[in-house]
Amino acid sequence: MDEHRTPLSHTIDVTRPNVARMCNYYLGGKDNYAADRRTCRGLLEHAPSTQILTVNNRRFLHRALRTLVLEHGVRQFLDIGAGLPTQDNVHEIVQRHAPEATVVYADNDPMVLAYGRVLLEDNDQTAVIQADLRDPETLLGHPRLTRLLDLSEPVAVLCVSVLHCIPDRDDPAALIQRAAAGLTAGSFLAISQLVSEDAATREVITGFMRESTVGRWGAVRRSQDVDGFFTGLDLLTPGLVDVSTWRAPAAPPSRKHTREWIEYGGVGRVP
């Protein structure tokens, strides 16, 4: 059956929690199920800051997009591990500032694909494709991607809150390097990853999420591990930080009251 027409009931298991639907729940969305909400509540017991962290990470994405469009003139965007549509999606933000901008969403989650295609069916400058960051060469060569994005020109690749879903055995730093190798000079990568400097926190939350999602989880990492994702890239100021502070207003609207983990990262330019 054509991937565009696969029935949701054949591809989506609503009895098991899903990271994209969990994020949707934390962001106030309605595209989630009892298993997702139950796991979200369980995660909050281990990490009470998680909902505010999710909101602040989304705000980092918005600030990074505006920076790339308005300050660096980027007009092509690839959002990997895009998650479920929410308010102010990537294409809505960038096309608000630059109507000619093109956006490709890539995800391996059938629910994301189904919802994304409905949202984007009338937008000729935006597409959603089924692809996996663990095969970056195939992802960058996808015909629907190359139809919209000219990889001989700068592209902004967004890997926001997705790399902690990739286990260490798949070497996320190497995957980022392979993706960057397929981009022209002047392209950008915006990356964030859940980190904790406390070993017990990393172990407990990683174990909880792996068990809850039946293995569809990678790891909570250390900030120094994420530093390696940016090897060979020129960092935009302020460098690698808790992303809630990345070019944030002096008084951010949502403050975390606990710091058991943070979303850490930044934006780098391909030299």
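Nothing in this text is a laboratory measurement; each read-out follows from the coordinates by a stated rule. Source: prediction; values computed, not measured. Positions of Cβ are generated from backbone atoms using ideal geometry, with glycine treated the same way; all protein chains shown enter the neighbour counts.
Structural remarks
- When the Gaussian network model of the chain links Cα atoms closer than 10 Å, the mean-square fluctuations of PRO238, PRO249, PRO143 top out at PRO249.
- For the chain, with +1 on Lys and Arg beta carbons and -1 on Asp and Glu, the positive-most of LEU158, LEU133, LEU148 along the dipole: LEU158
- Compared with the direct C-alpha span, the chain from THR86 to GLN125 gains 12.2 nm at full extension, assuming 0.36 nm per residue.
- With a cut-off of 16 Å on the backbone N, the residues of the stretch 80-121 near the modelled label site 7 Å out from HIS62 along Cα-Cβ are 85-97.
- Mean sequence separation of contacting Cα pairs (under 8 Å, at least six apart), scaled by the length of the stretch 203-271, corresponds to a relative contact order of 36 percent.
- Total charge dipole magnitude, the chain, about the Cα centre, Cβ charges on Lys, Arg, Asp, Glu only, Debye to nearest 20: 680 debye
- Given charges at beta-carbon only (K, R positive; D, E negative), |dipole| of the stretch 1-131 in Debye: 560 debye
- Between PHE188 and VAL155, ALA156, VAL157, VAL270, the built amide H atoms are under 5 Å apart, and every one of these is 5 or more places off in sequence or on another chain.
- Cα gyration tensor shape for the stretch 19-90, rounded if a/c is under 1.5, else prolate or oblate: prolate
- In percent, rounded to a whole number, the relative contact order of the chain is 20, using alpha-carbon pairs under 8 Å and six or more apart.
- Stretch gain in nm, segment ASP171-ARG216, where the contour uses 0.36 nm per residue and the Cα spacing is subtracted: 14.7 nm
- Per-residue [θ]222 nm for the chain (sum of -39500 (n - 2.57) over DSSP H runs n ≥ 4, rounded to 500): -10500 deg cm²/dmol
- Residue order, fewest to most beta carbons within 10 Å, for SER161, SER223: SER223, SER161
- Nitroxide proxy distance, nm - points 7 Å out along Cα→Cβ at SER223 and ASP198: 1.6 nm
- THR258, THR213 arranged by Cβ crowding within 10 Å, fewest neighbours leading: THR258, THR213
- Cα gyration tensor shape of the stretch 133-271, rounded if a/c is under 1.5, else prolate or oblate by comparing a/b with b/c: oblate
- Qualifying GluC sites (Glu not before Pro) in the stretch 78-134, where qualification requires a DSSP coil assignment and no more than 15 other C-beta atoms within 10 Å, comprise GLU100, GLU121.
- Antiparallel bridges, percent of DSSP beta bridges restricted to the chain (to nearest 5): 40 percent
- Rounded if a/c under 1.5, otherwise prolate or oblate - the stretch 106-169, Cα gyration tensor axes: oblate
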